[in-house]
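See below for the structure under consideration.
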Amino acid sequence: QVQLAESGGGGVQPGGSLRLSCSASTSFDGIYIMGWYRQVPGQPRVLVANKHISGITNYAAAVKGRFTITSDAANTYLQMNDRKPEDTAVYYCNVRKWTAPLWIDYWGQGREVTVSS
């Protein structure tokens, strides 16, 4: 069982910066995607950013230009700059691993992030 341990988060003021970290219990190889999702009460969990092993990244329109995802074989980080109140959510680390013939998802426990004055 792969474990994803998240750290960071907390409260920041609008315009502030915060970094989330996610560390896996094992290093990944082959084909995989590391990413971050967020969820607020009553709404679906949505993609914030992800990064393929190829280096291709994808960002939600709401965070593009403000957030940056980085990763290696066992870690992923989300640098969040110029934070806005609407960024308040629980943030989840995700790794999607191709294990033929299936994609397997691994999830972190979630970290609460608030943005308020």
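For the stretch 108-117, enumerate the residues that are surrounded by 14 or more Cβ atoms within 10 Å (Cβ to Cβ) and in contact with an Asp or Glu (Cβ under 8 Å, 6 or more places away or on another chain).
From the stretch 108-117, those surrounded by 14 or more Cβ atoms within 10 Å (Cβ to Cβ) are 108, 110-111, 113-115; that's our starting set.
Matches in the stretch 108-117: GLY108, GLY110, ARG111, VAL113, VAL115.
Among the residues of the stretch 25-48, are any of a type in the set (A, V, I, L, M), open to solvent by 60 Å² or more (accessible area, probe 1.4 Å) and under 11 Å from the mean Cα position of the chain (by Cα)? Scanning the stretch 25-48, I find at least one residue that is of a type in the set (A, V, I, L, M), open to solvent by 60 Å² or more (accessible area, probe 1.4 Å) and under 11 Å from the mean Cα position of the chain (by Cα), so the answer is yes. Condition check: of a type outside the set (D, E, K, R), on the phi < 0 side of the Ramachandran plot and over 15 Å from the mean Cα position of the chain (by Cα). Does VAL2 satisfy that? Judged against the criteria, VAL2 is a match. For the stretch 77-103, the tally of residues that are of a type in the set (Lys, Arg) and in contact with a Lys or Arg (Cβ under 7 Å, 6 or more places away or on another chain) stands at 0.
Where in the stretch 19-106 are the strands (runs of 3 or more DSSP E), entirely inside, with at least 3 residues that are modelled with pLDDT of 95 or more and either more than 28 Å from SER117 (Cα to Cα) or among the polar types (S, T, N, Q) (or both)? Can you show your working first?
Details: elements: 32-39, 46-52, 57-59, 67-71, 75-80, 89-99.
Strands (runs of 3 or more DSSP E) meeting the threshold: 32-39, 46-52, 67-71, 75-80, 89-99.
Yes or no, residue by residue, for (1) touching a helix residue (DSSP H, G or I) at 6+ places or on another chain (Cβ under 9 Å); (2) more than 15 Å from PHE28 (Cα to Cα):
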| residue | (1), (2) |
| --- | --- |
| LYS51 | no, no |
| THR76 | no, no |
| TYR92 | no, yes |
| ALA100 | no, no |
| ARG111 | no, yes |
| SER116 | yes, yes |
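Among the criteria (1) closer than 14 Å to GLU6 by Cβ; (2) open to solvent by less than 70 Å² (accessible area, probe 1.4 Å), the one GLN79 does not fulfil is (1). Looking across ILE69, ILE56, one residue alone is closer than 30 Å to GLY30 by Cβ, open to solvent by less than 70 Å² (accessible area, probe 1.4 Å) and without any contact (Cβ under 8 Å) to a residue 40 or more places away in the chain. It is ILE69.
The set of residues from the stretch 85-107 being open to solvent by less than 80 Å² (accessible area, probe 1.4 Å) and under 25 Å from GLN13 (Cβ atoms) comprises PRO85, ASP87, THR88, ALA89, VAL90, TYR91, TYR92, CYS93.
The values are calculated or read from the model by the stated rules, or taken from the named source; none is laboratory data. Remember, it's a predicted structure, so these values are computed and weren't measured experimentally. When we count neighbours, we look across all protein chains shown, and the Cβ atoms used for this are built from the backbone with ideal geometry, even at glycine. Side chains are part of the model used for accessible areas, which takes the heavy atoms of the whole protein and leaves out ligands, DNA and RNA. Shrake-Rupley method; radii C 1.70, N 1.55, O 1.52, S 1.80 Å.
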